[in-house]
1. Looking only at region 285-308, count every residue that is assigned to a strand (DSSP E or B), hydrophobic (A, V, I, L, M, F, W, C) and within 23 Å of residue 383 (Cα to Cα) and tell me the total.
2. So in region 312-334, with the set limited to residues that are at pLDDT 95 or above and either hydrophobic (A, V, I, L, M, F, W, C) or touching a Pro at 6+ places or on another chain (Cβ under 7 Å) (or both), which one is nearest to residue 445 (Cα to Cα)?
3. Evaluate the following for residue 579: is it touching a residue at least 24 places away in the same chain (Cβ under 8 Å) and more than 24 Å from residue 479 (Cβ to Cβ)?
4. Being small (Gly, Ala, Ser), under 30 Å from residue 585 (Cβ atoms) and part of a helix (DSSP H, G or I) is the requirement here; does residue 465 meet it?
5. When you go through (1) at pLDDT below 95; (2) not assigned by TED's automatic domain parsing to the domain that holds residue 672 one by one for residue 635, which number turns out not to apply?
6. Examine region 236-252 for a residue that is touching a residue at least 40 places away in the same chain (Cβ under 8 Å), among the hydroxyl-bearing types (Ser, Thr, Tyr) and part of a loop (DSSP other than H, G, I, E, B), and state whether such a residue exists.
7. Which ones in region 675-708 are among the β-branched types (Val, Ile, Thr) and not in a loop (DSSP other than H, G, I, E, B)?
8. Please work out if residue 173 is surrounded by fewer than 21 Cβ atoms within 10 Å (Cβ to Cβ) and in contact with a Pro (Cβ under 9 Å, 6 or more places away or on another chain).
Amino acid sequence: MSYSIFKELKQLSVMVLCVGLLGACASTQSAQDQSKSGGLSSPESENGIKPYSEVVTDKAETDSGLFDVHKVDKDYLYEIPDSLLSREMLLVSRVAETQDEIGYGGEKLNTQVVRWQKKDDQVLLRHVSYENVASDSLPVYEAVQNSNFEPIIASFDVKSLGEDSSGVVIDVTKLYDSDIPSLGLQSSQREEYGVRRLDPERSFIEHINSYPENIEARSWMTYDASKPPSSSSTGTISMEINHSMVLLPEEKWETRSYDQRIGYFSVQQTDYGTERHKANEVQYITRYKLVPSDKEAYLDGELVEPKEPIVYYIDPATPKEWRPYLKQGVEDWQKAFEAAGFKNAIIAKDPPSKEENPEWSPEDVRYSVIRYFASDIQNAYGPHVHDPRTGQILESDIGWYHNVMNLLRNWYFVQTAAANPDARAVQFKDEVMGELIRFVSAHEVGHTIGLPHNYGSSYAYPVDSLRSPIFTEKHGTAPSIMDYARFNYIAQPGDGVEDFHPAVGEYDKWSIKWGYTWFPEDMSEEEKVAKLNEWTRERADDPRYFYGQQTGNKIDPRSQNEDLGNDAMKASELGIANLKRITSNLVEWTDREGENFAELEELYNNVVGQWNRYMGHVTKNVGGVYEDHKTYNQEGPVYTFVPQETQQRAMDFLIDYGFMTPDWLLEEDILDRINQSTVVDDMRSAQVQVLNDLTDPQRIARLIEFDARSSEDTYDAFEMMDDVRNGIWSELNSNSAIEVHRRNLQRAYIERMEHLMTEELPDIPDAFKDFLGWTDVNVSQSDIRPIVRDQLQILLDDVQNTQNRVQDRATEAHLDDVEVRIENILNPDE
C-alpha cells in the first residue's frame, strides 16, 4: 500500500469516528484551524507554522541583540530563543514626547515585570507580580503562586521556529501600535481628557532596536479625545511612547532591608514565607550592585575599586560648555562612596565617537546617560530602573531640559543677589551657570543611586552658621545635597560669604555608607542588620544625620523643602531683609539696553513667590509635630509637639510679615512697568494663601489634640484663633482707617470662617494618609465650629463697637458689610 493511500484511509477513519461518537468534531476542528494565523497548514508545516525562510524573508532588516528583531515591510518580528522563554524581564513604558499640558518627556507610564511564555502554538506575554512572595523551597510557595495567576497582556501565534529550529518567531507589531492598556495612556488620563479610542490609522511604530540586554520600541500613539488639554480643535492627543524591555539578572543581588531612619527609595513585598505569624510586609532599598575588586583589601579597610563601577555618559547632544560641570556633578559623589569603602565607584564619561564604538547608543541599557533635551521645560529629573525583586538598580537615564538654566537663574538671583554680586544679572557668566548646573547634576545623580529628598537635612545647621564664610565654604547650605535647600538666602551683605551653594555633605556620605557598604558572604543577615542598626544608633542624636520624611503635607516643621537653618522665623526674617534689598534694586539689576520688561516681571514674580515660601516655612511650626523614628532600643518619644514658645513666635511672625501689608513689594518703579491693574488682587491672593494654610482644619485639629493630651501648658486652638483674629483686625483696637489690602484680607477671613462653619473635609483614603501626613477630621463634631462661632461673635461685637468711631467712608462701608456677613453666617435662617 502506498503512503498516500494509507494517509487517505486514515483521515477517512477519523472522520467516521467523529461523526459516530460526537457529531461535532468537524466544527471543533474548524474552530481550531481558524485560530491559527496561517489558516490551513501547508504541506511543509504543521498547524500554520511556516518555514523560517518564508517568515524572515530576504527583505527582512535584522537587528541582533537580546532577541533578533526583524522588520519585514511594516511588520516587526521577534525571534525569541528558547533560553529566554519564561525569563523575567522589566518592561518600562515612558512618554518620550508629548503635546502641551500633558506632562513632559521622560515621565513613566508604567513599570511591570513580564515573561514570554510558549503555550502550544502561541507565545503569551504575561505580567509577573512580586507584591506577594515566598521562597520556592517552602510549601506555602504553591499557595502564593495559586493566588497570583499571571495576567496575559497579549498572545501571539508562532509564525516559525527559529533559524536553527530553536526558539520561536512571532509578529509583535500589534503590541506596539494598538491599544494595550498597560502599555499606553493611563486610565486616569483617559478619563481626564475624554479619550474615546486609539486611532490605528494615526498610530504606528517608529522603530524597534535590539541591544544585548534590552529591546527599545518606540511608537507614535494617537487618541481620539473630547477634552484634549491643548490644540482642542483637533479632538486629538498624540504622544510618542518608548518601551524599554530589560532582561533581569538571573542571579539576584542581595537585598538590604529598608530603614525609615535613613532615606532610600524602596520596593515593597508581602512575604508569606517568614517565621512571623502573619503576612509579613518587607521593604528593600534600591541600590546599585557594588562588589569590591579586592575583597581582602576592602575588609582590611583599604579603599578599593568596585568590580563594576557606576558610569554615567554625557549625551552627545549636550552643549560642550556644560559637559565638564555635568560630569563634575556625577563625580562629586566619589567622596560619599569612599565612606562605603570604594574609590572611583562613580565615574562620568564623554560619549564615545562612532570610530571608538559604532554600536554605542544612549538607549542601550548597558549605558546610563544624562540625556539633554532641547525643551523649554524648566526641570531635570533623575529616575532609575531597578529589579523589583531585589531593589538592584540596573541603569538610569537622567533627563536634563535645556531650560533648567532659567530656573537656576531665577533661584540664584532671588535667593542670593542681595549679598552675591555674581547673581545680579539677567544673564550669568558661563562659570557661574556652570556651578549651578553642577549642583543640579549632583542632586539628580543622588536620586539615580537610590536617594530620595531629605527635607530635614537643612535643619541641622544653625542660622548664624550660614552667615559665616568659613562654615559655608566647608559645609555648604545643608548636610545633604538631597535636601531642597537651594541657595543661601540667609547670608547678609557684609557677612563675607562667597559660597552660596549646596554640596554633597555629611548626611550623603553617611547614607551611602549605610546603603552601599559591602559585607562578606559568610556574614549572616542577622549580623548585617545588627551592624547597620549599631551605626544608626551611634548617629541618632546628631542632627547632621537626621532624615526628614518626604511626604506631601509635612507636619514636622524641620522637614520642609526650600528652607534653611534651624529657626524658620529667624531665617525667614533675614530672607525678607534680602528680598527688600533685591526689590529696591530690581530695575537696575535687570536693565538691558533695548529689551522690554519681561525679565523684570519674571524676577519680580519670583520675589513674591519667595516671600510666600517664607510664610509657609513659618506656618508649619503652628500645630507642628517633630517626628523622630526610633526602634525599641532607642529612648524617647517618636512624636513631640512643637514647643508653645516656638508656635507663638511663628504666629507673631505671620502677623507682622504675612498679614500686615508688605508695602516693600508694592514698588511703584517696578509695578508701573509690568502691571496694569491687578496689584490689589495679586496681594489679596498672596495673603489669603497664608491665611488658609494657617487655618487649615488639620492644623486646628492638631492643636485641639495637643491640648487634650499634654499635661503642660500648650498653644491651644483658642489662643491660635484669637491671635489670627487680633492680627488681621488690629485696626478695630485703634479705631483707625483700614486700607484696601487689609480690607480684602479681612473679607477673606470672614469667608474662611464661613467655610469652617459649613464645609466638611472629604474622607482621606488610607493609602494616602501616611504619604500626605493627613488624618480624617470630622469638623462638625469637633471643637472647630464652636471655636469659629466664638471668634465670629467676638469679632461682631468689636465691629459694632467701632462702626461709629471711624471717619473714613471706605472703612465705614467695609464694616457695615462685615456686620451683615457675620450675622448671615451666625444666623443663616433669619
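The values are calculated or read from the model by the stated rules, or taken from the named source; none is laboratory data. Just so it is clear, the model here is predicted, and its values are computed rather than measured. Note that we place each Cβ from the backbone using ideal geometry, even for glycine, and neighbour counts take in every protein chain shown.
1. Taking region 285-308 and keeping what is assigned to a strand (DSSP E or B), we get 285, 287, 292, 304, 306.
Restricting the remaining residues to those that are hydrophobic (A, V, I, L, M, F, W, C) gives 285, 304.
Among the residues that remain, those that are also within 23 Å of residue 383 (Cα to Cα) are: 285.
Count: 1.
2. Filtering first and then ranking leaves 330.
3. On the way: touching a residue at least 24 places away in the same chain (Cβ under 8 Å): yes; more than 24 Å from residue 479 (Cβ to Cβ): yes.
Yes: the conditions hold for residue 579.
4. Values: small (Gly, Ala, Ser): yes; under 30 Å from residue 585 (Cβ atoms): yes; part of a helix (DSSP H, G or I): yes.
When the stated conditions are applied, residue 465 passes them.
5. The single condition residue 635 does not satisfy is (2).
6. Initial filter on region 236-252 (touching a residue at least 40 places away in the same chain (Cβ under 8 Å)): 237-250, 252.
From the residues that got through so far, the ones that are among the hydroxyl-bearing types (Ser, Thr, Tyr) too are 238, 244.
Adding the requirement that they be part of a loop (DSSP other than H, G, I, E, B) leaves none.
Checked region 236-252: no residue is touching a residue at least 40 places away in the same chain (Cβ under 8 Å), among the hydroxyl-bearing types (Ser, Thr, Tyr) and part of a loop (DSSP other than H, G, I, E, B).
7. First, pick out the residues of region 675-708 that are among the β-branched types (Val, Ile, Thr): 678-680, 688, 690, 695, 700, 704.
Within region 675-708, 679, 680, 688, 690, 700, 704 meet the criteria.
8. Values: surrounded by fewer than 21 Cβ atoms within 10 Å (Cβ to Cβ): yes; in contact with a Pro (Cβ under 9 Å, 6 or more places away or on another chain): no.
Criteria not met by residue 173.
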